[in-house]
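Colleague: Have a look at this one.
The values are calculated or read from the model by the stated rules, or taken from the named source; none is laboratory data. Here the structure is a predicted model, which is why all the values come from computation and not from measurement. When we count neighbours, we look across all protein chains shown, and the Cβ atoms used for this are built from the backbone with ideal geometry, even at glycine. Heavy atoms of the whole protein, side chains included, go into the accessibility calculation; ligands, DNA and RNA do not. Shrake-Rupley method; radii C 1.70, N 1.55, O 1.52, S 1.80 Å.
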Amino acid sequence: MDNVEILLFIGLTVVVIALIFWMFSRTAEEREYDRKLKESLKDEYIIDPETGAKLTLEQAESGHWIAHDNEFKTIPKAELNKLPTEGAKQAEIALNYLRESKDYRKTRFSEEQHSVLEELKTFKNYDDWSYSDSYKFEGGAVFLPSVELNLAGHYRESHLMFWVKIDSINGHYFFREKTSSEKIFDLIRNDDEIKSDRYECFTIKKSHSIIQINRILEAFEKEKGLEVEIENDNLFVKTLKLVSLEDINRVEKMLIPIIKV
């Protein structure tokens, strides 16, 4: 072989070895993701996240189809198992719970409601946010805020947020879990307006309804992974991880003694 053929042979060998190494170095989770993704592509349809309706690619692109199913339509287990990640599956299981429950009804927030959300301290802590899958129930609403952080690498995830009506406190407070250093400093000097072992208090507008605020906060005192915001007659409770049925159930239980019906 001449020099050109030798170089081509060496180059091809390197590529083959690299390809083999890549195939075997991928984790089992990554290979399972690829398998499920290929399966879903073979079916040549997608699932409308708003209604759970199964659409062909042509229908989805046209934007015109007849939804024969009502708002309570859920994604069947067989389709859930085809989702590429366990997180995506758990999120859809949580949404199925909301879709099939007669206590929750699909809704769209008004401009006035959206304006309330835009003023929350909860969302101002993120670089960007949006929301989807909003449902109303007697006493409030629940929806999925999609939050974005870019400080330590791009991060975007759909969490869970409940919004319920309460007797107005005529004030505005935000609570998040204390860091380890904040817990130590509070042993020396705790200058928070609202005292809590778990939550750091941020006063945005001072209220004189301290007893009422403490009673509300008691419901969340033993719970981890939550942010709580009280704005006049609005109580917001947001989780800090991907939406799950477990979180829906536990927040529901916490809100039972609080919701103003």
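Colleague: Using r as the Cβ-Cβ distance of Tyr155 and His208, and R0 as 51 Å, what FRET efficiency do you calculate, to the nearest 0.05?
Modeller: 0.85
Colleague: Separate question: Roughly speaking, what is the stretch gain from Glu246 to Asn232, that is 0.36 nm per residue apart minus the C-alpha to C-alpha distance, in nm to one decimal?
Modeller: Going from the current span to full extension adds 2.2 nm.
Colleague: Can I ask one more? Sort Glu119, Glu111, Glu200, Glu157 from largest to smallest accessible area, using a 1.4 Å probe on the heavy atoms of the protein chains.
Modeller: Per-residue accessible area, sorted high to low, gives Glu111, Glu119, Glu157, Glu200.
Colleague: Further question: Taking amide H positions as placed in the peptide plane 1.01 Å from N, state which residues far from Tyr199 in sequence (5 or more) or on other chains have amide H under 5 Å from it.
Modeller: Those lying under 5 Å, H to H, from Tyr199 are Lys178.
Colleague: If I stretch the segment between Glu111 and Glu223 completely, what's the gain in nm (0.36 nm per residue apart, minus their alpha carbon distance), one decimal?
Modeller: Net length gain for the segment: 37.1 nm.
Colleague: Follow-up question, since we're still on this one. Tell me the relative contact order for segment 168-254 as a rounded percent, counting alpha carbon contacts under 8 Å between residues six or more apart.
Modeller: Relative contact order here is 37 percent.
Colleague: Rg and Dmax of segment 189-252, Cα atoms, in Å?
Modeller: Taking only Cα atoms of segment 189-252, I get Rg and Dmax of 12.7, 39 Å.
Colleague: So, in nm, how far is label Asn125 from label Tyr97 when the simple model puts each one 7 Å beyond its Cα toward the Cβ?
Modeller: Between Asn125 and Tyr97, the label points sit 2.2 nm apart.
Colleague: Given the pairs Lys136/Lys224; Lys121/Lys241; Lys77/Lys222; Lys124/Lys205; Lys165/Lys205; Lys121/Lys238, which span a C-alpha to C-alpha distance of over 22 angstrom in this model?
Modeller: Lys136/Lys224; Lys77/Lys222
Colleague: Further question: Quick one: P(r) of segment 118-261 from all Cα-Cα pairs, 10 Å bins, percents rounded to integers, in order of increasing distance.
Modeller: Values per bin, smallest distances first: 11, 41, 37, 11, 0.
Colleague: Per-residue accessible area for His154 at 1.4 Å probe radius, Å² rounded to 10?
Modeller: 140 Å²
Colleague: Related question: How much solvent-accessible surface does Lys165 expose, in Å² to the nearest 10, with a 1.4 Å probe and all protein chains in place?
Modeller: Accessible area, nearest 10 Å²: 90 Å².
Colleague: How much of the DSSP beta bridge set in segment 76-234 is antiparallel, as a percent to the nearest 5?
Modeller: Within segment 76-234, antiparallel bridges account for around 95 percent of the total.
Colleague: Let me check something: with ligands and nucleic acids excluded, how do Arg198, Arg99 order by accessible area (1.4 Å probe), largest to smallest?
Modeller: Arg198, Arg99
Colleague: Would you list Phe143, Phe109 from the most to the least accessible area, probe 1.4 Å?
Modeller: Phe109, Phe143
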